[in-house]
Structure formats: structure tokens, C-alpha cells
1. Sort out which residues of segment 122-166 are in contact with a Lys or Arg (Cβ under 9 Å, 6 or more places away or on another chain), open to solvent by 50 Å² or more (accessible area, probe 1.4 Å) and under 26 Å from Thr53 (Cα atoms), and write them in order of number.
2. Report, by residue number, each residue of segment 1-20 that is open to solvent by less than 80 Å² (accessible area, probe 1.4 Å) and either farther than 21 Å from Ala141 by Cα or part of a loop (DSSP other than H, G, I, E, B) (or both).
3. Can you tell me how many residues in segment 1-42 are of a type in the set (Gly, Ala, Ser) and closer than 26 Å to Pro129 by Cβ?
4. Checking the condition at pLDDT 95 or above and over 14 Å from the mean Cα position of the chain (by Cα), which residue from Gln61, Gln76, Gln17, Gln86 passes?
5. Determine the pairs where a residue that is at positive phi, located within segment 91-106, has a partner that is at pLDDT below 95 and in a strand (DSSP E or B) with Cβ atoms under 8 Å apart, the partner being 6 or more residues away or on another chain.
6. When you scan segment 43-57, do you find a residue that is modelled with pLDDT under 95, touching a Phe, Trp or Tyr at 6+ places or on another chain (Cβ under 7 Å) and not acidic (Asp, Glu), even just one?
7. Is there any pair linking a residue in segment 66-88 that is free of Cβ contacts under 8 Å to residues at least 24 places away in the same chain to one that is among the β-branched types (Val, Ile, Thr) and open to solvent by 50 Å² or more (accessible area, probe 1.4 Å), with Cβ under 7 Å and at least six apart or on different chains, and which?
8. Among the listed residues Ala71, Ala75, Ala90, identify the single one that is of a type in the set (A, V, I, L, M, F, W, C), more than 18 Å from Leu143 (Cα to Cα) and in contact with a Leu (Cβ under 8 Å, 6 or more places away or on another chain).
Amino acid sequence: GMALVPTGIFIIGEDKQQISIDGFYIDRTPVTNGEYRRFLDESGYRAPKYWDTEGFERENQPVVGVSYFDAMKYAQWAGKLLPSAQQWEAAARGTDGRSFPWGEGLDSSKASYDHSGPEAGLVDVGSFPENVSPCGCVDMAGLVWEWTDTWFDEEHESKIIKGGSW
């Protein structure tokens, strides 16, 4: 499902700038392999990089290896839009400008990042119950990078990604 991020003043960016953002909807979870498989089956679109790679194929894992154009095509197929970088950050940080969806302090028990050893790898969506943003979105810190529809540069050569990676 989707979460409503209501119209409001949000604190975003490293400089903790206050900006007004109109209300919008955003997916509660990263897109899973199961959801993306339905898109592939119904649309005939090509599979992303790593689609058949061991360790990345479970139904409830987030889909990986997706280009910006793949993400845009999926969103169009699903009747949605990619969020702007400001929208994404507002959904992750809430109106109080917290550093992480759960609040303050980087904590590897609350998000999938910096994992090494035999248990390392891509975990299922929702594996960290405390990694929930104020609007109810999960896994916005760690797990996988997420595309936004905001240009990174004036030359329009790359888009901004948010979130992080395991």
C-alpha cells in the first residue's frame, strides 16, 4: 500500500532547511521482487540486472539492479510517480527533521547496512521492525538505494538516489 505524507513544513537536507511540501502518497515499502515480477509478466518489460542472481531472487526481497528508466517504467505501469528527492526525504524524516526514520543515532540493529560475515546479504523487506518513518514507510535507511525523479546536476546527466545499501 501507500502512505499519505500530509502537506506541511519539513526539515530536510544537511543544512536542515525548512520547506513547505504539498501532500503526496509514497509506497510504504521498497518494491519487492514479487511486485516487480508481476510488472514483468504483465508488461513484457526486460528483467533488470541481477534478476536471476542467487541471493537476490526471494519474493519479498527488494528488487535490485533497476535503472532509473526501469524504475520510471514500473511506476508508470503501477499508476504512480517516482517521488522528488524532497518528497522522499520528507517521508523518511518527518516534520521534526530526524536524521534517520527511527530518530537519531546510526544503529545497525535498526537497518540493513554495513553487514559482513556469513549472514551478510540482501534481507527481506520489513526485516527491521524499528526502521519505520513517521508516515509508516519501512526500510528508508539501508537495505537498497531508491530512485527519485530529481536531477542531481544542471547537465541533467544523473538522478538523485536516497536511502542506502546493505
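1. Passing the criteria: Trp145, Trp147.
2. Pro6, Gly8, Gly13, Ile19
3. Looking only at that region, the number is 4.
4. It is Gln76.
5. Gly97/Ile11; Gly97/Ile12
6. The answer is yes; a qualifying residue exists.
7. Final answer for the pair search is none.
8. The conditions single out Ala75.
The values are calculated or read from the model by the stated rules, or taken from the named source; none is laboratory data. Quick caveat: nothing in here was measured; it's all calculated off a predicted structure. Virtual Cβ from ideal backbone geometry, glycine too; neighbours counted across all protein chains shown. These area figures cover heavy atoms from the full protein model, side chains too; ligands, DNA and RNA do not enter into them. Shrake-Rupley method; radii C 1.70, N 1.55, O 1.52, S 1.80 Å.
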